[in-house]
1. Of a type in the set (G, A, S), crowded, with 16+ Cβ neighbours inside 10 Å, within 27 Å of the chain's Cα centre (by Cα) and assigned to a helix (DSSP H, G or I): is that true of A27 in this structure?
2. If you go through region 151-162 one residue at a time, do you hit one that is outside any helix (DSSP H, G or I), surrounded by fewer than 23 Cβ atoms within 10 Å (Cβ to Cβ) and either out of contact with any strand residue (DSSP E or B) (no Cβ under 6 Å at 6 or more places or on another chain) or assigned by TED's automatic domain parsing to the domain that holds I493 (or both)?
3. State whether one or more residues within region 196-206 are out of contact with any His (no Cβ under 6 Å at 6 or more places or on another chain), under 30 Å from P329 (Cβ atoms) and among the β-branched types (V, I, T).
4. Give all pairs with beta carbons closer than 8 Å in which a residue from region 387-413 that is within 22 Å of D234 (Cα to Cα) meets a residue that is in a strand (DSSP E or B) and among the aliphatic types (A, V, I, L, M); count only pairs at least 6 apart in sequence or on separate chains.
5. Quick one: T223 ticks every box in (1) in a helix (DSSP H, G or I); (2) closer than 28 Å to N397 by Cβ; (3) out of contact with any helix residue (DSSP H, G or I) (no Cβ under 6 Å at 6 or more places or on another chain) bar one, so which box is it?
6. Go through (1) aliphatic (A, V, I, L, M); (2) assigned to a helix (DSSP H, G or I); (3) touching a residue at least 12 places away in the same chain (Cβ under 8 Å); (4) more than 16 Å from P115 (Cβ to Cβ) and name the single condition V194 misses.
7. Being aromatic (F, W, Y), assigned by TED's automatic domain parsing to the domain that holds W403 and within 25 Å of the chain's Cα centre (by Cα): is that true of W237 here?
8. Hey, can you tell me all the residues within region 230-263 that are assigned to a loop (DSSP other than H, G, I, E, B) and modelled with pLDDT under 95?
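The values are calculated or read from the model by the stated rules, or taken from the named source; none is laboratory data. Since this is a predicted model, take the numbers as computed values, not measurements. Counting neighbours? That spans all protein chains shown, and the Cβs are built from the backbone with ideal geometry, glycine included.
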Amino acid sequence: MRLPAALERWAAPLSFVLGAALSLGFAPYELFPLAVLCPAALFVLWEGTTPRRAAWLSFWFGGGTFLAGTYWLYTSIHIFGEAPIWVAFLLMIGLVAIMGLYHAAVGYASTRWLPPRGALRWLIGVPTLWLLMEWLRGWVLSGFPWLALGYSQIDSWLAGWAPLGGVYFISLLVLVSAGALMLLLRGSNAERVVATIVIPLIWGGGALATRADWAHPVNKPVTVSLVQGAISQDLKWQAANRDATLRLYRELTEKAFGSQIIVWPEAALPALEHELRAYLSALYRDAEAHGSDLIIGILRYDFARDQFRNSIVAVNGGVTWYDKRRLVPFGEFFPVPAFVRKWMRLMSLPYVDMTPGDPRQPPLRAGGEKLGATICYEDAYGSQQLAVLQEATLLVNVSNDAWFGDSTAPHQHLEIARMRAREASRYMLRATNNGITVVIDPSGEVVERIPQFQPAVLSTTVQPRLGLTPYARAGNVPVVLLGCAGLVLAIAIQRRRAAAARRS
């Protein structure tokens, strides 16, 4: 069934608007039904069109989502990174275009190879195709897993599925729900009956799954304090502010002495670790005297290997390190040729790559517990954190969302962290430079928080837990295999139908 001619003329800008509206399904707006309604509306625009046209509409849909949803890249690159406007614009639009191309591939393939209508298309083919696209864009060429549809559901009943299948499984259920809406709109009577069964099963099943508890308490509750300095990124590295920053973190930490675990944010201090040995040594001694272990995000230079690392140091009588594994492209490493790197140096832009940490690092030890650590946006790569859950009783994430100012990025990042806590069924301690500093419980709920842009200390008690959720045991493998099987099934049946039609 083709669209009316008037709607057909406006299909591309309408696709862009729908994509932009989808971004409102994520934090801080949290209009989670839009994650179902906006893809369903795009599916309507695909009806009766060609593969090329569907790809074009999907490109604008994806572009709208990521332009509206990641506009803060401009803030990070130009306002705080001080890159020229044209560089910031080029990188931002480049990312938006790449994300649009991922969506274009879904539009083309769904129209070219899947059944043109019916339950096989809308409940299996398109949802599994879109799922695989989300999974691929989460790791291909370093990956960008931001704004996966499943994150929008952290406050809906679908969040109950997180410990069973992870965020991508929730994305699949969102898309099946959108496909069911298509059946209610365009399907046969029998298909409408199927849709009215599928939707309650998905959402009701999620509500029931929230009652399951996949981990169990171990050891005694632990007292923790999270330190938020709230120093703006444009002021942090100015030499005139260095002593004030050191003094502020010292004074805030003194208020937290006595807590078993004290956590500082990512790269909390405006210097490398070896430049602050006297300051840190005094801090370590005082913390030990008060019975406190420290978890500090700090940058360091390895003289032996001539390497810069973004690290966490854990001080609990001894000193152990965690090095960030997933570095930010064009922020912590620069995948550019030598002549571009030379130009960056001449323009006084960052041009030196940091070195990623070993992919398999043991948990940090603090407060008598083992902590599964992540630094900044590497918590968006959920499956890479699962191995540590064999031992880790708590999760800790240190971040520097000051790079994004008062934008939607810190709220979206918090949404991701909440999903990680829910998938693992662990408490997460999340300390950030200027917000949002929080303690997240095993159900993904924020139980304590510090307001953004305010220097403060959050002190509370958390319960260590052990036990593996189904997702922690299997990771993304089951949902990816399910997606592949569903897609192969839909394509195979469509080819068989096409062959039968030609013979007749």
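1. Against the criterion (of a type in the set (G, A, S), crowded, with 16+ Cβ neighbours inside 10 Å, within 27 Å of the chain's Cα centre (by Cα) and assigned to a helix (DSSP H, G or I)), A27 does not qualify.
2. Our first condition is that a residue be outside any helix (DSSP H, G or I); within region 151-162, this holds for 154-156.
Now narrow it down to the ones that are surrounded by fewer than 23 Cβ atoms within 10 Å (Cβ to Cβ): 155-156.
Now restrict to residues that are either out of contact with any strand residue (DSSP E or B) (no Cβ under 6 Å at 6 or more places or on another chain) or assigned by TED's automatic domain parsing to the domain that holds I493 (or both): 155-156.
Checking region 151-162: at least one residue is outside any helix (DSSP H, G or I), surrounded by fewer than 23 Cβ atoms within 10 Å (Cβ to Cβ) and either out of contact with any strand residue (DSSP E or B) (no Cβ under 6 Å at 6 or more places or on another chain) or assigned by TED's automatic domain parsing to the domain that holds I493 (or both).
3. Filtering region 196-206 for residues out of contact with any His (no Cβ under 6 Å at 6 or more places or on another chain) gives 196-206.
Pick out the ones that are also under 30 Å from P329 (Cβ atoms) and you get none.
No, region 196-206 has no match at all.
4. Between residues of region 387-413 that are within 22 Å of D234 (Cα to Cα) and residues that are in a strand (DSSP E or B) and among the aliphatic types (A, V, I, L, M), the close pairs are V398/V263; V398/I295; V398/I312; V398/A373; V398/I375; V398/A431; S399/I375; S399/A431.
5. (1)
6. The failed condition is (4).
7. When the stated conditions are applied, W237 does not pass them.
8. Answer for region 230-263, where residues must be assigned to a loop (DSSP other than H, G, I, E, B) and modelled with pLDDT under 95: A230, I231, S232, W237, Q238.
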